[in-house]
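The values are calculated or read from the model by the stated rules, or taken from the named source; none is laboratory data. In this text, all values refer to a predicted model and were calculated from it rather than measured experimentally. Reconstructed Cβ throughout: ideal geometry from the backbone, glycine too, with neighbour counts over all protein chains shown.
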Amino acid sequence: MAVLLNFKITPNAKQSAFSEWIVDDKGAPVLKVKLAAPPVDGKANKALIAFLAKSLGFSKSEISIIRGEKNRSKVVEFSGCENEAELRDRIDSLI
């Protein structure tokens, strides 16, 4: 089973970190993430996957960007996760 989450990315931060949960204009939860990587040549996308994998205990192969590869708003799939509540609990413990 896979879980999809919406992210809002801020590149070029001093360090990579989870920021906060916000709600988009459609009422969906969005996690804001600051990344130390620049948004050049896919570096921010690779950094996002590496950061999420390390922080949340997934392998990089279990995480993929489904939409928004060239945008700050992204939809990320976690294939190694049973349900959204479990994933949100992991994230909330780190914010």
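Screening 45, 12 for residues that are under 10 Å from the mean Cα position of the chain (by Cα) and more than 15 Å from residue 90 (Cα to Cα) leaves exactly one candidate, 45. Filtered by the rule that a residue be more than 12 Å from the chain's Cα centre (by Cα) and hydrophobic (A, V, I, L, M, F, W, C), the range 69-95 gives 81, 85, 94, 95.
Would a scan of the range 85-92 turn up a residue that is in contact with a Pro (Cβ under 9 Å, 6 or more places away or on another chain), part of a helix (DSSP H, G or I) and at pLDDT below 95? Yes, the conditions are met somewhere in the range 85-92. Applying the criterion of at least 2 residues that are touching a Ser or Thr at 6+ places or on another chain (Cβ under 7 Å) and free of Cβ contacts under 8 Å to residues at least 40 places away in the same chain to the strands (runs of 3 or more DSSP E) found wholly in the range 1-59 leaves 29-34.
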